[in-house]
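Remarks on the structure that follows.
What follows is calculated from the coordinates using simple rules that are stated; it is not laboratory data. Here the structure is a predicted model, which means the values were calculated and not measured. Neighbour counts run over all protein chains shown; Cβ positions are idealised from the backbone, glycine included.
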Amino acid sequence: MPSSAAGESSSLEHSPLHKWNSCSSFLDPPRDMPRCQVRKIHIYDFDNTLFKSPAPNPNLLSSFLINLLTDPQRLSNGGWWSEPRFLKELIDEWIGSREEKSSRSELDTVDGLYWNQDVVELSRLSQQDPHTLSIMMTGRKEAFFQDAVSEVLRQPVFGKHRLHFNAVFLKKDGFQTTMLYKTTCLTDLLTHYDKCEEITIYDDRVRQLHGFQQFLNEFVEAMRPSLQFSLIHVPGLIKYLKPAKERSIISHVFKEHNDAVSNVVFQPNSRAYGFYMGKMYVKEKRLGAAYIVTASSRLKIAKFAAVRFGNLINSGHYHIVAKSVLCTPYGAITTRKVATMVLSGSCKEASEQIVESYMRSMNSGVENSRIRFRITRFGVAAAMGRIVCDLEPEDDTRYAYTEFPALRLLLATTDIHLIEHSSNLYRDELYEWTQAKDCAEIVDTDFGYMFIITAIMAKKPKKSKKRALELH
């Protein structure tokens, strides 16, 4: 059969794949399998199911800014999930990290930082089954993310092979919600492949899975009572962007939004342009000085706490925190001299020349601010849902500074909104204390100033009295 005729035959035999596919280079309908032989359909979500797509970093951004970024109607670009630069930044970071490695084990380690290996392997098993269609389906908009997703699919992952699907569906224009788009695709697939006996969907969002369950229950009842379906919840995995990169992209997004606001400011109804937020600016909000626990130490502490307080944590919905040991009250920082004493580890006041040298190095990121602590005791306030530990420098001679009664680390809490400078955190009588004589765990920290990035609304210019009179 000529290739053009084969293409026509494929487009008819597997028309839904041709209709909904978004990445032409990666459309691969089954060549030797007519639609009547398709027995299973496997659907894989992309974001946080296969790929550890970035989300707004709650350790960097205020809750107000996160809500602003994730609302699709507030900013002119449609927010975080409609902005390709956030996803593309992580894709570029992944590809760049791979280029620095050569051995298979090193490459797999890099891939594991950005991909869910279990789901990747499941997708490969789906592709190997001759009677199964495998499809990657995402709510990302085709118009914005076609290039980024194609770039991902061009790269090998966990070995020398690329990800392979029969088709890749991105949301086309005309759908108000992701669920409406996905259920429309599913309707076409299940109607066309009428001999399909089973459909399996992998997704990280419980709400999406509930929507699929409702749709499939109705489809089975009305159209195909014999159809079996499995909805697999995949715990969502996130890889946050590097803070400087995240802030830079957000700043550019805000600038473009403000330019868009200026362009429509004389229009009677800005909602016609798809967004309703006025001009916004990024601002750093200072939280305080602290010994900030390193990422590797946080991981060790989490494992340690899960063992030592396993029964309590598992039964009480605790969340591991272990972020920082505060030195100053909320909004305040240390003096330059105190910061120098902390960094140098000396209790002697330094000269202005030495202070200037330390501050210059600290602000440039050159100064090594690593300070190590050992745990002295644990405190449990079960009624308040809180576990803490007190620390002291590993080196007994090292200078440590805090304006609080103790160098106290919040290990775990049932209240994810609990702030680490809460006054109750330092009330010893609220806790049951045990000495940590048997604990050899070392807490690695970096001294620095904590801040969070938030957004502020631009102030409206005040009309002068003279101008107001002219208007009347």
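Using the C-alpha atoms of the stretch 284-455, what convex hull volume per residue, in cubic angstrom, is computed? Before the final figure, lay out each step's value.
Numbers: hull volume 21.0 nm³, N = 172.
Roughly 122 Å³ of hull volume per residue.
Within 10 Å, count the other beta carbons around each residue, average over each peptide in 405-411, 253-259, and list them highest first. Please list the in-between numbers first.
On the way: 405-411: 20.0, 253-259: 17.0.
Output ranking for 405-411, 253-259: 405-411, 253-259.
What's the FRET efficiency of ASP71 with ALA332 using the Cβ-Cβ distance as r and R₀ = 45 Å, to the nearest 0.05? Walk me through the intermediate numbers first.
Values: r = 32 Å, r/R0 = 0.72.
With a Förster radius of 45 Å, E is 0.90.
Mind giving me the FRET efficiency for GLU394 and MET223? R0 is 56 Å, r the Cβ-Cβ distance, nearest 0.05 is fine. Write out the running numbers ahead of the final one.
Working: r = 67 Å, r/R0 = 1.19.
Taking R0 as 56 Å, the efficiency between GLU394 and MET223 is 0.25.
Taking the Cα atoms only, what angle lies between the long axis of helix 117-128 and the longest principal axis of the chain, rounded to 10 degrees?
10
LYS303: which lysines have alpha carbons under 23 Å from its alpha carbon, excluding same-chain residues fewer than 8 sequence positions away?
Reachable lysines: LYS52, LYS239, LYS323, LYS437.
Starting with the highest mean, order 197-206, 102-111 by the number of other Cβ atoms within 10 Å, averaged over the residues of each peptide. The partial results should precede the final answer.
On the way: 197-206: 18.9, 102-111: 13.5.
Top to bottom by mean Cβ count within 10 Å: 197-206, 102-111.
To the nearest 10 degrees, how steeply does helix 295-308 sit against the main Cα axis of the chain, on a 0 to 90 scale?
Helix 295-308 and the main axis of the chain meet at about 90 degrees.
Full-extension gain between VAL282 and LYS459, please, as 0.36 nm times their residue separation minus the C-alpha to C-alpha distance. Kindly include the intermediate steps, with their values, before the conclusion.
Values: separation 177, 0.36 × 177 = 63.72 nm, distance 1.36 nm.
Length gained, VAL282 through LYS459: 62.4 nm.
Taking the 0 to 90 degree range and rounding to the nearest ten, how far is the long axis of helix 84-99 tilted relative to the main principal axis of the chain, both from C-alpha atoms?
Between helix and principal axis, roughly 80 degrees.
Radius of gyration and Dmax for the chain's Cα atoms, expressed in Å?
Reported Rg and Dmax, both Å: 27.6, 88.
Which FRET efficiency value, to the nearest 0.05, do you get for HIS252 and SER103 by plugging their Cβ-Cβ distance into 1/(1 + (r/R0)^6) with R0 = 35 Å? Please list the in-between numbers first.
Numbers: r = 37 Å, r/R0 = 1.05.
After rounding, the FRET efficiency stands at 0.45.
If I model a spin label as a point 7 Å beyond the Cα along the Cα-Cβ vector, how far apart are those points for LYS303 and GLU151 in nm?
The modelled label-to-label distance comes out at 3.4 nm.
If I model a spin label at ILE238 and ASP194 as a point 7 Å from the Cα along the Cα→Cβ vector, what separation in nanometres do I get?
It is 4.5 nm.
In debye, nearest 20, what is the charge dipole magnitude of the stretch 284-455 about its Cα centre with +1 on Lys and Arg Cβ and -1 on Asp and Glu Cβ, if you could check? Intermediate values should be presented prior to the final figure.
Details: 20 positive and 20 negative charges, 63 e Å.
Here the stretch 284-455 has a charge dipole of around 300 debye.
If you take every DSSP beta bridge fully contained in the chain, what fraction is antiparallel? Give it as a percent rounded to 5.
Numbers: 43 of 65 bridges.
The answer is about 65 percent antiparallel.
Taking amide H atoms as placed 1.01 Å from N in the peptide plane, list the residues 5 or more away in sequence, or in a different chain, whose amide H sits under 5 Å from that of PHE229.
Excluding prolines and chain starts, which carry no amide H, the hits are ILE199.
How far apart, in nm, are the 7 Å Cα→Cβ label points at HIS164 and ASN311?
Distance between label points: 5.2 nm.
Defining a contact as two alpha carbons under 8 Å apart and six or more residues distant in sequence, what relative contact order in percent does the stretch 284-455 show? Walk me through the intermediate numbers first.
Details: 310 pairs, mean separation 63.5, N = 172.
Here the relative contact order equals 37 percent.
Where Lys and Arg each count +1 and Asp and Glu each count -1, what net charge lies around VAL282 among other residues with Cβ under 10 Å from its Cβ? Present the calculation step by step, with values, prior to reporting the outcome.
Details: positive: ARG247, LYS255, LYS283; negative: GLU284.
So the surrounding residues net to +2.
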